[in-house]
There are 2 protein chains.
Amino acid sequence: MSNMNAIQHNPTHHTTIQLLQSHSLTTLVQQEIARLIETGELSAGDKLNEWSVAERLGVSRGPVREAFRALAETGLLRMEKNRGVFVRQVSIKEAEEIYEVRAALDQLVGRRLAEIIRPEQLKELRVIVNGMEKAAAKQDVDAYYPLNLRFHDTLVQFTGNSKLLTTYRRIVNELNLYRRDALAGEKGNLLVSTREHKKIVDAIASGDPDRASRALHDHVAAGRERMHRAHGIREPVQITRARKKST
Amino acid sequence: MSNMNAIQHNPTHHTTIQLLQSHSLTTLVQQEIARLIETGELSAGDKLNEWSVAERLGVSRGPVREAFRALAETGLLRMEKNRGVFVRQVSIKEAEEIYEVRAALDQLVGRRLAEIIRPEQLKELRVIVNGMEKAAAKQDVDAYYPLNLRFHDTLVQFTGNSKLLTTYRRIVNELNLYRRDALAGEKGNLLVSTREHKKIVDAIASGDPDRASRALHDHVAAGRERMHRAHGIREPVQITRARKKST
DNA sequence: TCTTTGTATATTGTCAACAATCTACAAAAC
DNA sequence: GTTTTGTAGATTGTTGACAATATACAAAGA
């Protein structure tokens, strides 16, 4: 035990060991498929063939099947017995539901961050928002989209609540399955959306939990409306409103 | 197509077909293990041996491994490569985090239900609460516990938001991994808890979203405190407070 | 006695083969 | 021409075998 510390802790070796210890073929396949969905190379409704995927990644069907199970559990894939697995389709009704849950989670995020945010974290957020502003000015949706995701993911990370983070990510992943289709005519909205993000950061910086909570709720609600407009639908169901402080 | 309707739709056959179509061995194994954890026959930290489980259920290791993957994704199991799978241990820190997320979700539940609850649904809730009252009077924790779970699950079901339901269930399942240990000296709390449940139903029945939201938030916060007292810990971190309406 | 090293065993990771099921399409019946 | 039925091919579900890794324990050395 005593001379354990004598071992040279080459950081490269260290991470390599951890990589081998944690990453089985199944995990790798899982990550790869998740990536393909995220980048849009696989889109909603596509059928995944076990043998093809196995062939393409140079593994056998076993790990692929296990990866499918895991991804089905996260909601990215749908499995039909004896028929195959498909990239999940998210209906507008489900998107509604997800937006409602996300609003609740984001309210919690705002409330919490207003209490505990640190200056360097605020700076990091403002850097992201600046990037979004530039992308918005150029109407560059491809640059804007990942920054948007990163902004919100960072917010949740800063809460320090890892359970909240995994819950949030799961939800948002599913939402992206819907949004990818509906992201065509978003151009006009980038500037509006950026303004909302600035407002969120300012609200958090003010240290007022209610204000931050409301800013995030309103942003999610606005995003939901943009989704509807993109699909030419007006306003099916009323999402829970942000409540004012008065009576 | 026309004579399809001539087929006798024997309901028994119908469900049998659906059962065969949806339930693969993997699904069965998954459900069985989930049940074993829920009923406490498997408890946190236990190691699961692939071959033993396969033997016991009369299947091969393949489906068992797939079931493990799925359950690991839901948070019920933890997989360590080349070491095995274990029933997940939930630390008090994680329990804290989960309580915070759950509070946010339950607030949403309350707000929503206050708007849309139907009389027969209120009645159903009151039936459950009555059962809890009887169990509490007899200090019968074994009877009380499942009713408590069912009460909250029913609440979320009544929102009609299926995404909220799956999210909620996932969270609560993990919380139960912790609570099972900490449920020893709960006896004195049953009456208090029952009172809170009544308050929740009344708040929902009043149709006031804020009141219902607050009732559920406070109940979750109180549950969190009971957890702490059961472990002899006072108050580590401040969970987000329910906010009064006044400025 | 304590540590270290090596070996046997058990368990998991991966693969390839077989069985069960579905799909597509052609042949037969109406 | 339309529907039904049957068959061939493809795909998934399941299994058992083998390889890689970890664990437990005994033997050797300090």
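The values are calculated or read from the model by the stated rules, or taken from the named source; none is laboratory data. Everything quoted here is computed from the prediction, not taken from an experiment. Counting neighbours? That spans all protein chains shown, and the Cβs are built from the backbone with ideal geometry, glycine included. The protein model used for the area step is the full one, side chains on, heavy atoms only, and it has no ligands, DNA or RNA in it. Shrake-Rupley method; radii C 1.70, N 1.55, O 1.52, S 1.80 Å.
Observations on the model:
- Close contacts from the range B:45-56, counting a first residue that is more than 14 Å from chain A (Cβ to nearest Cβ) and a second that is at pLDDT 95 or above and more than 14 Å from DNA strand D (Cβ to nearest atom), with Cβ to Cβ under 6 Å and a gap of 6+ residues or different chains, come to B:46/B:87.
- Screening the range A:204-247 for residues that are polar (S, T, N, Q) and at pLDDT below 50 and picking the one that is most open to solvent (accessible area, probe 1.4 Å) gives A:247.
- The helices (runs of 4 or more DSSP H) found wholly in the range A:26-121 and carrying at least 1 residues that are charged (D, E, K, R), surrounded by fewer than 20 Cβ atoms within 10 Å (Cβ to Cβ) and in the same structural domain as residue A:213 (by TED's automatic domain parsing) occupy A:92-116.
- Filtered by the rule that a residue be assigned to a helix (DSSP H, G or I) and open to solvent by 60 Å² or more (accessible area, probe 1.4 Å), the range B:131-152 gives B:133, B:134, B:137, B:142, B:146, B:150.
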